[in-house]
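Here the structure comes first, spelled out in structure tokens, and everything after it is commentary.
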Amino acid sequence: MHITKKRHITLKILLFLIGIDLVETFAQFCFKKSSLSLGDIQIQSFGDIPHFIASVLSTPFFWFGLIAVILIFISWSTALSKIDLSVAVPVCSFSYITVPLVSVFFFKEQISLLRWSGIFIILCGVILVSASSREKGSTQ
């Protein structure tokens, strides 16, 4: 049986995880721009699927988003080799903040006070998880 050493979060790893979230936000932005450029496409039968796929593949923002997802995969794999999964996932929740901000500024979406409250609670959770990781690491 292989026992892994518990690893705590450092400032360098935290910044790396925030960078992953920013790339995730960029990917979501690109996919939204791609879908907006397609207009109101409706798939009503299986015969519509090839046209839909061809339309999606023809948008540059789709390809930028796909490249971003590949970078996220590589970065995420690297991050998980350096930090516990139970710490990395909550810390990588900053996209719950950055995606709504991008939605408001670039797509003029309206976000309710209740949703902003939820985003604030998520941010508080991220801070608590990061702090508990540092505390756990210093006691070992």
Helical mean residue ellipticity (222 nm; -39500 (n - 2.57) per DSSP H run of 4+; nearest 500) of the chain: -25500 deg cm²/dmol
Efficiency of FRET between Val89 and Phe120 - r from beta-carbon atoms, R0 25 angstrom, step 0.05: 0.85
Mean separation of Cα contacts under 8 Å, 6 or more apart, over the residue count of segment 1-89: relative contact order %: 47
Distance (nanometres) between label positions extended 7 Å along Cα→Cβ at Lys108 and Gln42: 2.5
Between 0 and 90°, nearest 10: helix 113-139 axis offset from the chain longest Cα axis: 30
Likely footprinting exposure, Lys33, Lys82, Lys108, fewest C-beta neighbours within 10 Å first: Lys108, Lys82, Lys33
Sequence of Ser112, Ser37 once ranked by neighbouring C-beta atoms within 10 Å, starting from the fewest: Ser112, Ser37
Footprinting exposure proxy for Thr25, Thr98 (fewest neighbouring C-beta atoms within 10 Å first): Thr98, Thr25
Dipole of segment 1-95 [Lys/Arg +1, Asp/Glu -1 at C-beta], most positive-end residue of Ile70, Val23, His8: His8
Radius 14 Å from Cβ of Phe105, net charge of other residues (Lys, Arg +1; Asp, Glu -1): +2
Per residue, the convex hull volume that the Cα atoms of segment 11-139 enclose (Å³): 135
The chain - charge dipole about Cα centre, Lys and Arg +1 at Cβ, Asp and Glu -1, debye rounded to 20: 600
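Readers should treat all values here as calculations from the given coordinates under stated rules, not as data from a laboratory. Keep in mind that this is a model prediction, so the values were computed, not measured. In this analysis, Cβ positions are derived from the backbone assuming ideal geometry, glycine residues included, and neighbour counts consider all displayed protein chains.
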